[in-house]
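The values are calculated or read from the model by the stated rules, or taken from the named source; none is laboratory data. Since this is a predicted model, take the numbers as computed values, not measurements. Note: ideal-geometry Cβ built from the backbone for every residue, glycine included; neighbour counts use all protein chains shown. Keep in mind that these areas ignore ligands, DNA and RNA; they rest on the heavy atoms of the full protein, side chains included. Shrake-Rupley method; radii C 1.70, N 1.55, O 1.52, S 1.80 Å.
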Amino acid sequence: MVQKSVTHGVVPAAGRGTRFLPATKAIPKEMLPVVDRPAIEYVAQEATDAGLTDLLIISSSTKHAIDDHFDAVPDLEDALATSGKTELLEAINHYQSLARIHSVRQGHPKGLGHAVYQARQHVGDQPFAVLLPDDLMHPEDPLLRKMLEVRERLGGSVVALLEVTPEQATAYGSADVTPVALDKAGLGDIEGLGEDDVYRLNRVVEKPPIDQVLSKYATVGRYVFDPAIFPILETLEPGRGGEIQLTDAFAKLIDVPAEEGGGVHGVVVRGRRFDTGDKLGYLQALVTLGLEHPTFGPELRQYIEQMGL
Ligand code: G1P
C-alpha cells in the first residue's frame, strides 16, 4: 500500500510557559533565543529539512511575536541593505526558505489534544506531523525524516520514543511496546534506522504514577498522525489534569484497523533532545549548540576551559 506523503506540520504553541517564568511573562517561550535564533526557528528548520512545506502554528493572543518572526520587516530590510549588512539581511530573510507558516488561535487552553484538533480544517484528510516546540531536537538528528519514512511504508501513525528512567516517565506519555524487525517490516533500507529503533505500540498512558509506568519508553514531542486522529479528538473526554490529551487520542488509534488509518509505531530518539521549556534544559541547549556554533563555538570552549571547572 503506497501511503500519501506528508506535507503539513502542526506546531502547538499556545501554552503559557509557566515553567519558565518570569522570562516568559511578556515573551512567548518559543521566542527565547537559543544561541542566535528563537527556539521556534529550529523547529521550522527541522520541519523544512524533513520535507514539510506547510506549518500551522497553534497560537494564542499573547503569541503574535511568533507570526512577526516569520514575516517581512521592510524598513529593517532597507536599513540593513543600505548599510551593506548582507549577512544580517540574509538572516532576517531566512524564514523565506522555510516551510510556509500559518497560524490559528486555540481560544480556550483545553489541552494538547484540543490544540492539535484546531488544525483539522487546515490539514484536511491528509496525514500530518506534530512538532512540540519545547522539544528541541539536535539540528543534525534526522528523527522526523525517519518517522515520515516509517509512516510512508507502514501507514497509521508514528511517534517518537525516548528512553527515560521510571521517575522521568511520570512526566510523559508512557508506552508498552513490541520490537519490529526492520527487514520483515520492509524498513531495512531506511537510512539511519537501527535494528532496535522501531517498535509497535500496544498501549500508552499519559503521565502515569511511577508504579504504572509501562516501559522505559516515553512518547515525546514528534508525531506523525493519520487523519483518523481527528474524529477521535472531536469527541475525546478530558483526561489527566482535566485536559484533552493527545496521548489519549493516539492510544485509541492503536486499536483502529489499519484500513481505517489505525496502528501506531514508535521510532527511538537517537540524537540529542533538549527540553527548552525547562530552565535547565534550555541552558543545556545553549551550551551544547553554543559550543558547536561555527562562529562562537571555539571562543566559548576556551572561555569555559579557562573557568577551570
Ligand atoms: C506533552 C504530552 C506528553 C509528552 C510531552 C513531551 O506533555 O502531553 O505526552 O510526553 O509533551 O514533551 P507536557 O510536557 O506538555 O506536559
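How much accessible area per residue does the chain have, counting only protein heavy atoms and a probe of 1.4 Å, in square angstrom? Could you put the intermediate results ahead of the total?
Details: 15340 Å² over 309 residues.
Heavy-atom accessible area per residue stands at 50 Å².
I need the peptides 186-193, 132-139 ranked by packing, meaning the mean over residues of other C-beta atoms within 10 angstrom, with the highest value on top. Before the final figure, lay out the partial values.
Working: 186-193: 13.9, 132-139: 21.2.
Ranked from most to least packed, the peptides come out as 132-139, 186-193.
The listed residues PHE296, PHE250, once ranked by accessible area (1.4 Å probe) with the largest placed first, stand as PHE296, PHE250.
Relative to the Cα centre, what is the charge dipole magnitude of the chain, using +1 at the beta carbon of each Lys and Arg, -1 at the beta carbon of each Asp and Glu, and rounding to the nearest 20 debye? I would put it at about 720 debye. Listed values for the range 239-245 are Karplus-derived 3J(HN,Hα) couplings in whole Hz (6.51 cos²θ - 1.76 cosθ + 1.60, θ = phi - 60°), namely x, 3, x, x, 10, 7, 9, and x replaces Gly and Pro.
When the helices in the chain are scored as -39500 (n - 2.57) per DSSP H run of 4 or longer and the sum is shared across all residues, what 222 nm value do you end up with, to the nearest 500 deg cm²/dmol? Walk me through the numbers on the way to the answer.
Working: 12 runs with 99 residues, N = 309.
Result for the chain, helices only: -8500 deg cm²/dmol.
Please enumerate, by chain and number, the lysines with C-alpha under 18 Å from the C-alpha of LYS110, excluding those fewer than 8 residues away in the same chain. In chain and number order, the partners are LYS63, LYS207.
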